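The values are calculated or read from the model by the stated rules, or taken from the named source; none is laboratory data. Quick caveat, the model's predicted, so the values are computed rather than measured. Note that we place each Cβ from the backbone using ideal geometry, even for glycine, and neighbour counts take in every protein chain shown.
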Amino acid sequence: MHLLYIRLLQKGLFLRGALVNGSLKFEPRRELGNLEKRLPIDDTLARAVGLEKAKKGSRLLIENVLAEELFEQSNCPSWKTLEGYVQYPNIKISMDSILRRICPSPNQDIYELLYPWVSENSEFIQVHFDSNLVKKQIKEVSGMLDEEISIHYRETIKLIDRAIQRKKYTEQQCHNSSTPSQ
């Protein structure tokens, strides 16, 4: 998903989605050869659709329960908050870890993936992402759109800025802790 979001953003295409805990299960149905009915059994799909609509811009939102579970399993419970990440950056976790990119949204009501944070060292993402160029293009298009649409562009620029800020902070913390004290 990380790579998909990056590649689409570079092409000026905005994708907004959500990850929720659980898996889709469908009600068994008898079907005709050319007609397929797939009705979900539980609320997993509804939760994902509802969550996806919670924010503007190109984003991958993550259900609170799922993000918090990931932090707990990785021994990073402090990362549930912005302050916790700043106070305890846990340098033992790789800079390439997707966990570092899961972050509370600015109003801290939901988690989002800071997908514009691309690591050049990552084994699975070998892509060049010029954030300044992408932001410039988004801003140019945004200025020609109605307010109702341009808000998605501005929110995407803010997401890119948050990703850059968190990446810089993390790199600084990891570099400082690896530098021997004198």
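Summary table below
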quantity: Checklist (1) surrounded by 15 or more Cβ atoms within 10 Å (Cβ to Cβ); (2) touching a residue at least 24 places away in the same chain (Cβ under 8 Å); (3) more than 14 Å from the chain's Cα centre (by Cα) applied to Gly12, failing item; calculated: (1)
quantity: Residue that is modelled with the lowest pLDDT, among those in region 160-182 that are small (Gly, Ala, Ser), over 18 Å from Ser131 (Cα atoms) and part of a helix (DSSP H, G or I); calculated: Ser178
quantity: Residue match in region 117-132 (condition: modelled with pLDDT of 95 or more and not hydroxyl-bearing (Ser, Thr, Tyr)); calculated: no
quantity: Output for region 65-98, where each listed residue is over 10 Å from the mean Cα position of the chain (by Cα), outside any loop (DSSP other than H, G, I, E, B) and under 20 Å from Asn21 (Cβ atoms); calculated: Val65, Leu66, Ala67, Glu68, Glu69, Leu70, Phe71, Glu72, Gln73, Pro77, Trp79, Lys80
quantity: Any hit, region 49-65, residues being closer than 25 Å to Glu155 by Cα and among the hydroxyl-bearing types (Ser, Thr, Tyr); calculated: yes
quantity: Residue, farthest from Ala54 (Cα to Cα), within region 89-103, restricted to residues that are at pLDDT 90 or above and buried (at least 20 other Cβ atoms within 10 Å of the Cβ); calculated: Arg100
